[in-house]
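Visitor: After the structure tokens below, expect a handful of questions from me.
The values are calculated or read from the model by the stated rules, or taken from the named source; none is laboratory data. Keep in mind that this is a model prediction, so the values were computed, not measured. Note: ideal-geometry Cβ built from the backbone for every residue, glycine included; neighbour counts use all protein chains shown.
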Amino acid sequence: MSTTTPNAQLRVKSYFSRSIPDAIEQARQEMGADALLLNSRPAPPEARHLGEFEIVFGSYPEAPPPEVPSVAPASEVAGLRQQMDEIRNLLLRGGMNPGSGRSRQLLVERVLVDAGLEPALAAEIEEAVALRMSRRSVTEISRVRKPLDWDTDAIIEETEAEIGDRFKTQSDLGRVTAFVGPPGSGKTTTLVKLAISSAMASGRALRIISADTQRIGAAEQLRTYASILGVPFQPVESMAALAQAIDSTPSSSMVLVDTPGLSPAMFNDLGGDLASFLGRRQDIDTHLVLTATARQSDLESAVKRFEIFLPSRMIFTRLDETDSFGALFSVTARRDKAVSFFGNGQMIPEDIQPASRALLIESLVRRLPDVLRAAA
């Protein structure tokens, strides 16, 4: 869908389309190679039915409309035409032609799907990158670049920026922090790592509490760690005992709470009381611990199950066992939850680090430079 506004010197036409590359291709076909991309933006609500984006193109007619006399000197018109040609050539060299530019942008979606992203999210990011590229063409129009460098480097840069904008990090702990998650997700090991690397490293007093009375030896394992660290340890068997243990801790101390791993079958019996307790206590910072090696469908199911615990952030473990964080990113990008820490091994306390955008981005776009250059 398109609308046209005539002008004595410049014909301006708006295209409404579901994607910017489609609009660019349509404009080149209808307005010719001289068509210049002037602006792009999300379509206003009243025109959203015509397409998700409004893209404005302009071109000079071969001759001024006969009913409108020319008021500009011939030299000025010639100068404007020369500027128009220069701008058009810059855009073409910058990858805005409908062939190579569009095909290279579509490679973003392919690379992200290969990296493990859900196809719908990969397509959404590709559309966002195309929009970023069109805006970049206007704002950087005077910057001279080599065609290959502009195309490849700009698409990579905008893809990385778009992924980074969709991945939130917040790497800290509350005064009272509880760790929840499925069995085998690494809650106890994560707790011990953070007890050393975050809590004790800050010089604050620390208490460790275990509410995991279901798993054989779980409390004793944590008691051993606490003894080695020289910090108080307390197992609890009820929510009343957990509340008393937390409330009796001095306000200057940090408290880390381990909880039982809850499978779907255990949720009805054990999850309800604990979720209700953690949800009521606004002073408890709950982190959901998941494994980065899990399938996306399993991660989605776990996140949905543990929503009743009202976790503020997520922790992902076993990053050393996977080459791609696609499933991890797909799950977090759809939710308004930050990721606090990455666990990348069993070594205590070395194998834990604050969640890193750079690490995640690198794993997702690692193949993009080679793929783009191969398509050049």
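Visitor: Would you mind finding the one in Ala265, Ala219 that is of a type in the set (A, V, I, L, M), at pLDDT below 90 and exposed (fewer than 15 other Cβ atoms within 10 Å of the Cβ)?
Guide: After applying the criteria, what remains is Ala265.
Visitor: Can you tell me which residue in region 3-25 is modelled with the highest pLDDT, limited to those that are within 36 Å of the chain's Cα centre (by Cα) and more than 27 Å from Glu109 (Cα to Cα)?
Guide: If we take residues in region 3-25 being within 36 Å of the chain's Cα centre (by Cα) and more than 27 Å from Glu109 (Cα to Cα), then Lys13 is modelled with the highest pLDDT.
Visitor: Here's a follow-up. Just one of (1) surrounded by 15 or more Cβ atoms within 10 Å (Cβ to Cβ); (2) in contact with a helix residue (DSSP H, G or I) (Cβ under 6 Å, 6 or more places away or on another chain) trips up Asp273, so point out which.
Guide: (1)
Visitor: Follow-up question, since we're still on this one. Could you figure out which of (1) touching a helix residue (DSSP H, G or I) at 6+ places or on another chain (Cβ under 6 Å); (2) in contact (Cβ under 8 Å) with a residue 60 or more places away in the chain isn't true of Gly345?
Guide: Every condition holds for Gly345 apart from (2).
Visitor: For region 338-355, does any single residue satisfy the condition of being more than 23 Å from Val257 (Cα to Cα) and assigned by TED's automatic domain parsing to the domain that holds Leu191?
Guide: no
Visitor: Something else about it: Six or more apart or on different chains, Cβ atoms under 6 Å: show the pairs whose first residue is in region 289-310 and under 18 Å from Phe342 (Cα atoms) and whose second is exposed (fewer than 15 other Cβ atoms within 10 Å of the Cβ) and not aliphatic (A, V, I, L, M).
Guide: Close Cβ pairs satisfying both conditions: Thr293/Glu321.
Visitor: Just to check your reading of the model, which residue among Ser301, Ser324 is part of a loop (DSSP other than H, G, I, E, B) and surrounded by fewer than 19 Cβ atoms within 10 Å (Cβ to Cβ)?
Guide: Ser324
Visitor: Oh, and also: Does region 95-154 hold any residues that are in a helix (DSSP H, G or I), of a type in the set (Gly, Ala, Ser) and either modelled with pLDDT of 80 or more or touching a Lys or Arg at 6+ places or on another chain (Cβ under 9 Å) (or both), and which are they?
Guide: If the condition is that a residue be in a helix (DSSP H, G or I), of a type in the set (Gly, Ala, Ser) and either modelled with pLDDT of 80 or more or touching a Lys or Arg at 6+ places or on another chain (Cβ under 9 Å) (or both), then Ala120, Ala122, Ala123, Ala128, Ala130, Ala154 are the ones that fit.
Visitor: Right, something else. Do you know which of the residues in region 327-376 that are in a loop (DSSP other than H, G, I, E, B) and polar (S, T, N, Q) is nearest to Ala195 (Cα to Cα)?
Guide: Among them, the one singled out is Gln346.
Visitor: Among Arg207, Arg175, which is the only one that is crowded, with 17+ Cβ neighbours inside 10 Å and either within 20 Å of Ala226 (Cα to Cα) or acidic (Asp, Glu) (or both)?
Guide: Arg207
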